[in-house]
């Protein structure tokens, strides 16, 4: 089963997803082996390749109406919805930039950086937030340091690993604000390969039922969630106009529940 290779130095961004994917294959009793693509791929290129069943068999991405029309999702959020819980990277020289933000109107004073093809960009723009984009993930960190935008919201489960990367040496995590919008990161498959999606779905359901999905999730992210101190932050709730109606929000066991926040 071929998946998109990350660029050199960014392999850490795939560790958890690959662990959950391997767990699902094991639980389903599948003999399939995971293999990276020969070349590294940015997100949209990977999704296009997957759509045409060209060089890829699986990818993982935040969902949207458009992506679920193009591709076949397994509607089990491998992130438990945590890609919709966002805290910001800031330049160290502007560590207190967001300390007085209390609501969406306050936040509109500041520009935000995102990937040009990320659903997040459209979600943030739909709320009147000024968004600046780049087609390259790594360049967003350089743009933030150069103050070409003010802050860079990242998921609470990815931000700490990103902070350890050399490109983030002049950045810091904002301690004040927490953004939330409902979303999910899914495994996606080509519509030409429904049998692969069904194998992974069966395996993930078995892992949820026996607790191994949750154990793997906690192993990877318990420390990150504690470090984020979500209950000490000002919560700003956002609507997600890109959220598909088939999102299984009614299955409460699939989703992270935040502690009481301000």
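Condition (residue is modelled with pLDDT of 95 or more and more than 22 Å from the chain's Cα centre (by Cα)) applied to region 153-173: is it met by at least one residue?
Yes.
Would you call residue 18 touching a strand residue (DSSP E or B) at 6+ places or on another chain (Cβ under 8 Å) and free of Cβ contacts under 8 Å to residues at least 24 places away in the same chain?
Taking the combined requirement at face value, the residue satisfies it.
So which residues in region 93-116 are more than 15 Å from residue 147 (Cα to Cα) and part of a strand (DSSP E or B)?
115
Mind checking which helices (runs of 4 or more DSSP H) fall wholly inside region 147-262 and carry at least 1 residues that are without any contact (Cβ under 8 Å) to a residue 60 or more places away in the chain? Talk me through it step by step, then tell me what you get.
Numbers: elements: 159-163, 194-210, 212-228.
Ranges flagged: 194-210, 212-228.
What number goes with the only condition from (1) at pLDDT 95 or above; (2) outside the structural domain of residue 93 (by TED's automatic domain parsing); (3) out of contact with any strand residue (DSSP E or B) (no Cβ under 7 Å at 6 or more places or on another chain); (4) more than 22 Å from residue 46 (Cβ to Cβ) that residue 195 does not pass?
Unmet for residue 195, out of (1) at pLDDT 95 or above; (2) outside the structural domain of residue 93 (by TED's automatic domain parsing); (3) out of contact with any strand residue (DSSP E or B) (no Cβ under 7 Å at 6 or more places or on another chain); (4) more than 22 Å from residue 46 (Cβ to Cβ): (4).
Test of understanding: among 185, 143, which residue is on the phi < 0 side of the Ramachandran plot and under 13 Å from the mean Cα position of the chain (by Cα)?
185
Looking at region 175-197, which of the residues that are buried (at least 19 other Cβ atoms within 10 Å of the Cβ) and out of contact with any helix residue (DSSP H, G or I) (no Cβ under 9 Å at 6 or more places or on another chain) is nearest to residue 61 (Cα to Cα)?
The residue in question is 197.
Hey, among the residues in region 30-55 that are in a loop (DSSP other than H, G, I, E, B) and either at pLDDT 95 or above or not assigned by TED's automatic domain parsing to the domain that holds residue 205 (or both), which one's surrounded by the fewest Cβ atoms within 10 Å (Cβ to Cβ)?
31
Does at least one position in region 117-129 carry a residue that is out of contact with any helix residue (DSSP H, G or I) (no Cβ under 7 Å at 6 or more places or on another chain), in contact (Cβ under 8 Å) with a residue 60 or more places away in the chain and surrounded by fewer than 18 Cβ atoms within 10 Å (Cβ to Cβ)?
Checked against the condition, which is being out of contact with any helix residue (DSSP H, G or I) (no Cβ under 7 Å at 6 or more places or on another chain), in contact (Cβ under 8 Å) with a residue 60 or more places away in the chain and surrounded by fewer than 18 Cβ atoms within 10 Å (Cβ to Cβ), region 117-129 yields at least one hit.
Within region 198-209, is even one residue within 26 Å of residue 11 (Cα to Cα), in contact with a strand residue (DSSP E or B) (Cβ under 6 Å, 6 or more places away or on another chain) and not assigned by TED's automatic domain parsing to the domain that holds residue 88?
yes
The values are calculated or read from the model by the stated rules, or taken from the named source; none is laboratory data. These figures come from a predicted structure and were not determined experimentally. For neighbour counting, all protein chains shown are included, and Cβ atoms are generated from backbone atoms with ideal geometry for every residue, glycine included.
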